[in-house]
Amino acid sequence: MPKLLFLFPILFFLFLRPHHAAEDFVRQPARPLVFTPHNRPQSHPQQVHVSLVGDNYMKVSWVTDENGVPSTVEYGKLPGKYESSATGEHTSYRYFFYSSGKIHHVTIGPLDPATTYYYRCGGSGPEFNFRTPPATYPIEFVLAGDLGQTEWTNTTLEHINARNYDVLLLPGDLSYADTQQPLWDSFGRLVEPYASRRPWMVTQGNHEQEIFPMIYPKGFKAYNSRWPMPYKESGSESNLYYSFDVVGTHVIMLGSYADFGPDSDQYKWLANDLAKIDRSRTPWVVVLLHAPWYNSNLAHQGEGESMRLAMEEMLYNSRVDMVFSGHVHAYERFTRVYDNNADPCGPMYITIGDGGNREGLAMLYKEPKPVISLFREASFGHGRLRIMNDTHAHWSWNRNDDSSNVVADGIWLESLRSSCSCAPKMEQKMEHTSGKDEL
Ligand SMILES: *[C@@H]1O[C@H](CO)[C@@H](O)[C@H](O)[C@H]1NC(C)=O
Ligand SMILES: *[C@@H]1O[C@H](CO)[C@@H](O)[C@H](O)[C@H]1NC(C)=O
Ligand SMILES: [Fe+2]
């Protein structure tokens, strides 16, 4: 296998590189790749990660080199005491000369909220534990995009881990394997200490595509096999877009690399999903996607524009509170925006593609700064969205250069549901909960 590792870069440069070569901006020097080796027995779980799947259920995913290992998770509330167990499914895939290990996905539950569960995968190997999200406010999301697997990634993950949170949301570009499949395994091992402890909910970026003309025309082989998200549960037919609810928040994961035009399945699914939101149950609606619709960095200018034109009005009419994207390796916060203008009823747009991948930072910005852009900085870091109650949430950005407790940018938000002037366009079933308007 190590010999074949060298074949992938050649294929990659020959066929896929031209797509990126068009980028003409200068990035801050990247830091070296961290390859995380496999150092457990063949039958033991590796790359363990968990994700939310329906109310009170969690999906446990892991890989074993050995094929005979059962797709079973034993779990309970005390270390070493597993009162319950569940059996799920497994898959595997090939990509050129690479064959994946056995990839297990097991849904466990029902689980109690805000509870630590101890679990073991496939009947042997180390014990892991995770904590389920709370049943009531507050809930804290971590946002980190374009992670990759470099020393910067490691720093970002350490900062994320230094303070408690409930659910991690990733707006695309996970491993930067870029067709070198062993790097997907390495990424899984790098993030396991974090992703096995808190649910990680992801959507795809351009680096997940791994499309190869004629041979893998649809792409997303590794991504869909390794990181299945609860798309069926949300009425979607594709792992590339889905939604889920957690504590007063409806989270919509869109696919920047799936069709999004008015005739597309994604467009129809989104219209349907937005129509079904019950704002009395989930007053907050947040959307994640990869290629930003608003971006004043010189990197990736215009790449999200056709998707914005197709879908922005739907999000606006549904009074989506926030839209997070990645792709641009920097941080930027916009005011509430609709159709390129500040609009108190539009979503707040945030670019959080500064997780720490091998390509480095996107340093150059459009000058002068557009008035709708309120804060922009090319530094590695992560964001936190703390939803306090039905009306108030706090957003903050934490820079890797600071200690983990320093907030480099922060703002309070009021939900659009609680805003009188924005309310009329919303569903009739909504009632006013507050008389105040803000931002
Ligand atoms: C990455 O972080 C882990 C955990 O903090 C640490 O043990 C490891 O040495 C770090 N690796 C690198 C290459 O910085
Ligand atoms: C919601 O949270 C904010 C910020 O903590 C607080 O000021 C406000 O009073 C809370 N509202 C309710 C109804 O509890
Ligand atoms: Fe990207």
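Side notes on the structure shown:
- Each residue in the range 87-118 was checked for being out of contact with any Gly (no Cβ under 8 Å at 6 or more places or on another chain) and not in a loop (DSSP other than H, G, I, E, B), and 12 pass.
- Checklist (1) touching a Phe, Trp or Tyr at 6+ places or on another chain (Cβ under 7 Å); (2) among the small types (Gly, Ala, Ser); (3) within 19 Å of HIS44 (Cα to Cα) applied to GLY76, failing item: (3)
For every residue, the table says whether it meets (1) within 20 Å of SER379 (Cα to Cα); (2) surrounded by fewer than 21 Cβ atoms within 10 Å (Cβ to Cβ); (3) of a type in the set (D, E, K, R).
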| position | (1), (2), (3) |
| --- | --- |
| LEU147 | yes, no, no |
| THR155 | yes, yes, no |
| THR179 | no, no, no |
| ASP185 | no, no, yes |
| PRO193 | no, yes, no |
| PRO213 | no, yes, no |
| TYR223 | no, no, no |
| PRO228 | no, yes, no |
| TYR242 | no, no, no |
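- Filtered by the rule that a residue be touching a helix residue (DSSP H, G or I) at 6+ places or on another chain (Cβ under 9 Å) and either among the polar types (S, T, N, Q) or crowded, with 18+ Cβ neighbours inside 10 Å (or both), the range 46-77 gives GLN46, GLN47, VAL48, HIS49, VAL50, SER51, VAL53, SER61, TRP62, VAL63.
- The listed residue being modelled with pLDDT of 95 or more, in contact with a strand residue (DSSP E or B) (Cβ under 6 Å, 6 or more places away or on another chain), within 16 Å of ligand 1 (Cβ to nearest atom) and small (Gly, Ala, Ser), out of ALA144, ALA162: ALA144
- Residue in the range 125-142 that is more than 19 Å from the chain's Cα centre (by Cα), surrounded by fewer than 22 Cβ atoms within 10 Å (Cβ to Cβ), assigned to a helix (DSSP H, G or I) and in contact (Cβ under 8 Å) with a residue 24 or more places away in the chain present: no
- The criterion of being touching a strand residue (DSSP E or B) at 6+ places or on another chain (Cβ under 7 Å) and small (Gly, Ala, Ser) holds for ALA291.
- Checking each residue in the range 302-354 for being more than 20 Å from the chain's Cα centre (by Cα) and closer than 22 Å to ASP173 by Cα picks out GLY302, GLU305, SER306.
Let's see how each residue does on (1) among the aliphatic types (A, V, I, L, M); (2) within 22 Å of ARG333 (Cα to Cα); (3) more than 16 Å from ligand 3 (Cβ to nearest atom):
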position	(1), (2), (3)
ILE139	yes, yes, yes
THR150	no, no, no
ILE160	yes, yes, yes
ASN164	no, no, yes
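- Of all residues in the range 78-100, none satisfies being among the hydrophobic types (A, V, I, L, M, F, W, C) and buried (at least 21 other Cβ atoms within 10 Å of the Cβ).
- Residue in the range 302-318 that is closer than 27 Å to TYR137 by Cα, buried (at least 16 other Cβ atoms within 10 Å of the Cβ), of a type outside the set (D, E, K, R) and touching a Lys or Arg at 6+ places or on another chain (Cβ under 9 Å) present: yes
- For the range 337-346, a residue qualifies if it is in a loop (DSSP other than H, G, I, E, B) and crowded, with 18+ Cβ neighbours inside 10 Å, and the qualifying residues are CYS345, GLY346.
The values are calculated or read from the model by the stated rules, or taken from the named source; none is laboratory data. Remember, predicted model here, so these are calculated numbers, not experimental data. Please note: Cβ atoms are built from the backbone with ideal geometry, for glycine as well, and neighbour counts cover all protein chains shown.
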